[in-house]
1. Could you point to the residue in L73, H23, P13 farthest towards the positive end of region 8-80's charge dipole, with +1 and -1 charges on the Cβ of Lys/Arg and Asp/Glu respectively?
2. Residue by residue, what Karplus-based ³J(HN,Hα) values in Hz, rounded to whole numbers, does region 10-21 have, using 6.51, -1.76 and 1.60 with θ = phi - 60° and x for Gly and Pro?
3. Over the C-alpha atoms of the chain, what are the Rg and the largest Cα-to-Cα span, Dmax, in Å?
Amino acid sequence: GEYSAILMDIRMPVMDGFTASRHIRSLDRADAKTIPIIAVTADVLSDNVDECKQSGMNGYFSKPIEMTAMLDLLNKYIRD
């Protein structure tokens, strides 16, 4: 319950963002099921967007990030 959202990089050195998101969603914590997970990556392939959804992510941003669009998406998922 300490975080409002997770910005998840897809390409990380030890575990990719898809796997990390699946692990988060499988945790035995209520907030793990509901916290917004937003993918952040340079890949804009439609396969990656589909895999983001399948791994439990809520949204997707491609780099370079457009700040206004990112804030709009975060506002959509973050509730006070």
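1. Towards the positive end, the residue furthest out is H23.
2. 7, 9, 10, x, 9, 9, 6, x, 5, 5, 4, 5
3. My reading of the Cα-based Rg and Dmax gives 12.2, 34 Å.
Any read-out appearing in this document is the output of simple, stated calculations on the displayed coordinates, not a laboratory observation. On a predicted model such as this, the values are computed, not experimentally measured, just so you know. Virtual Cβ from ideal backbone geometry, glycine too; neighbours counted across all protein chains shown.
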